[in-house]
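Student: Take a look at the following structure, please.
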């Protein structure tokens, strides 16, 4: 058991996400891994692997710089690419997220300089 835990811990946040997804499938072994990866990604298993890679990069960046710094940098980059505050807020309005998260995002965007 300790060997398995140390290997999953080496994967970090993506490992935790994969474990949770595998548990949600109700399957075991290779079938659970296959089903979990397919469920996580937009393009089947390959999308699931890419998703876990992106999550790994994001969690590393958040750990190193903090969520507020990452958020501000992303919003500033969107501005550089031609997005306006209104266009970003319009996209957020269309996302299927909770009302409280939507309000937090709007507040953060209003405060980015």
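Student: Å³ per residue of the Cα convex hull, for the chain?
Tutor: 140 Å³
Student: Using Cα atoms only, what is the angle between the long axis of helix 44-65 and the major principal axis of the chain, expressed in degrees (0 to 90) to the nearest 10?
Tutor: The helix 44-65 is inclined about 60 degrees to the chain.
Student: Related question: Please arrange 107, 2 by how many other C-beta atoms lie within 10 Å of their C-beta, fewest to most.
Tutor: Going from least to most buried by this count: 2, 107.
Student: Ordered by packing density, taken as the mean number of other Cβ atoms within 10 Å over each peptide's residues, highest first, how do 43-52, 86-95 rank?
Tutor: 43-52, 86-95
Student: Mind ranking 69-82, 27-40 by how tightly packed they are, going by the mean number of other C-beta atoms within 10 angstrom, highest first?
Tutor: Result, highest mean Cβ count within 10 Å first: 27-40, 69-82.
Student: Also: According to a simple spin-label model (label point 7 Å from Cα along Cα-to-Cβ), what is the distance in nm between residue 71 and residue 89?
Tutor: Going by the 7 Å Cα→Cβ label model, 1.6 nm.
Student: In nm, give the distance between the simple-model label positions of residue 100 and residue 81, each being 7 Å from the Cα along the Cα-to-Cβ direction.
Tutor: 2.9 nm
Student: Under Stokes-Einstein, with the Kirkwood radius over Cα pairs standing in for Rh, what whole-number D in µm²/s applies to segment 61-113 at 20 °C and 1.002 mPa s?
Tutor: 184 µm²/s
Student: Here is a follow-up. Once a ≥ b ≥ c are taken as the square roots of the eigenvalues of the Cα gyration tensor of segment 1-65, is the result rounded (a/c under 1.5), prolate (a/b larger than b/c) or oblate (a/b not larger than b/c)?
Tutor: oblate
Student: Calculate for the chain the 222 nm mean residue ellipticity that helices alone would give, adding -39,500 (n - 2.57) per DSSP H run of length 4 or more and normalising by residue count, nearest 500 deg cm²/dmol.
Tutor: -26000 deg cm²/dmol
Values quoted throughout were computed directly from the atomic coordinates according to the rules given, and no laboratory measurement underlies them. Treat the numbers as computed from the prediction; the structure is a model and nothing was measured. Every residue, glycine as well, gets a Cβ built from its backbone with ideal geometry; the counts of neighbours run over all protein chains shown.
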